[in-house]
Amino acid sequence: MNISYMFLRKNKLVFINSLTFLACSMFFLSCNQNQPASATTIAPIQNQQTKPTSATTITSIQNQQVKPAEIKINTKKESVETDAINNTIIPNYAKNTIAGILIDAWQCIEGQEILVQDLTTSYADNIKCSVSIVFNSDKLVVQTTGIPNHDLESGFGCCASEQNREWSLPLNPLAVESNNYSMAPKRGPVAVAVNGAAIYGPEEGPGGDAVALHYGKFIEDRQPIQLGICGGHSGPGGEYHYHYDANCIHWHPDTSAGESANDYSIDKLDSKNHSPVIGFAFDGYPIYGFFGFDTYGNVREMTSSYRLNDGANGYNGSDDYTYEKGLGDLDQCNGHFGATPDFPNGIYHYHSTIKSGSGDMGFPYFVYCYYGIPDESNYSEGQGMGPAGGLPSSNRPPPRPPRRR
Ligand SMILES: [Zn+2]
Ligand SMILES: [Zn+2]
């Protein structure tokens, strides 16, 4: 019943769109010259068509057995509304939500925007990180330029440019049964970092594991890919995004000692304490950095539970890995339920991983599936980014020579 309706609705949309297109072709001149309003009429239809996932969201919510979130929210941070976030008043109903409790995690908020240098270019880029936050009835809406709060390297996708991104995160994540987890996109955005930059899935345009490639595990003969500082680079449309790490969001070079963003490395991170929040998955659950609490409450680097298949090297992306329960600390989605400094009573959360329990690559690096129901409006479709995997290689900007350090 639901599915038929969905198809019907889809066909209807396609039909309406074709009709509009036909009308526009026939009356092209009058449309453009005398009726500028027709452009506005077309736009919403196009937007609707580019969001086929919304119907899927409804279907999956109806079909899935939603269990209440297993979260005991700690209310000790009640002082949070006395506002780290300028001009953001947390409504009462949102104060004890995950987004409300973690409101201080956001960087680049008003008054804290940072001008950032793209180290791939030799000129002053004048690109700025900026994040603004609005609560609506059940979502946290994040508007951002997509520029991180640290200097970056665009790499071959040069160059990072300010985006006009809007991310929507559920205030109260709804956990689903494990057999109903929805897969995160393997390519394109899967989460948003607390500085407003995008977090992408593990695969790059040609389908290889971008991180395994970066670590020289295989030769990419389809399209040159290069990751920069902190596991990020720029893609089609100039959108900066992370494929792994992202922990430098909370690492700041000691400029008085002559340090710069180039000096960032994973071994400079604080491994003695639990990592702070580095982002939010599209289901609303937080993503913490590398270091978390093990089952004994000791801090150590969290490991993923995917094993590289025999003879594989990441060339085939996700197809080269198999989930093995218990191999590392985390589950198939790359998260676990447990205490964090923000939620001493426990919460489901993801971790950024660079190592697997097998000792190999920490695939999937951030989020592989969603423990809760994701807001699919965040996926690439409809945001002018082309398909989730980025544009075909022929449409990508030409590669630039790597910057020498
Ligand atoms: Zn990428
Ligand atoms: Zn953890």
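Only the coordinates and a few stated rules stand behind these numbers; no lab work does. No experiment lies behind these values; they were computed from the predicted model shown. Note: ideal-geometry Cβ built from the backbone for every residue, glycine included; neighbour counts use all protein chains shown.
Things worth noting here:
- Entries of 186/355; 186/217; 95/128 with Cα pairs more than 23 Å apart: 95/128
- Only Lys, Arg (+1) and Asp, Glu (-1) charged, at Cβ; the range 261-302 dipole about Cα centre in debye: 80
- Whole-Hz ³J(HN,Hα) from phi, Karplus 6.51 cos²θ - 1.76 cosθ + 1.60, for the range 281-295, glycine and proline x: 6, 6, 8, x, 7, x, 10, 9, x, 4, 9, x, 8, 7, 5
- Using 0.36 nm per residue and subtracting the Cα-Cα separation, the extra length available between residue 174 and residue 319 on full extension is 49.4 nm.
- With neighbour counts taken as other beta-carbon atoms within 10 Å, the residues 264, 350 rank, fewest first, as 264, 350.
- Table column - 3J(HN,Hα) (Hz), the range 351-362, Karplus curve with 6.51, -1.76, 1.60, x for Gly and Pro: 10, 6, 10, 10, 10, 8, x, 7, x, 8, 4, x
- Spatial separation of Cα centroids for the range 319-355 and the range 126-146, in angstrom: 26
- Taking each residue as 0.36 nm, the span from residue 339 to residue 122 lengthens on full extension beyond its C-alpha to C-alpha distance by 73.7 nm.
- For 373, 266, the sequence from fewest to most other C-beta atoms within 10 Å is 266, 373.
- Residues whose amide H falls under 5 Å from that of residue 287, counting only those 5 or more places apart or on a different chain, are 278, 279, 280, 281, 350, with hydrogens built in the peptide plane.
- Sequence-ordered 3J(HN,Hα) estimates for the range 103-111 from the Karplus curve with 6.51, -1.76 and 1.60 and θ = phi - 60° stand at 4, 6, 5, 5, 10, 6, 6, 3, x Hz, glycine and proline given as x.
- Put simply, the amide H of residue 191, placed in the peptide plane, has neighbours under 5 Å in 199, leaving out anything fewer than 5 places away on its chain.
- Nearest-20 debye value, the range 199-345 charge dipole, Cβ charges on Lys, Arg, Asp, Glu: 180
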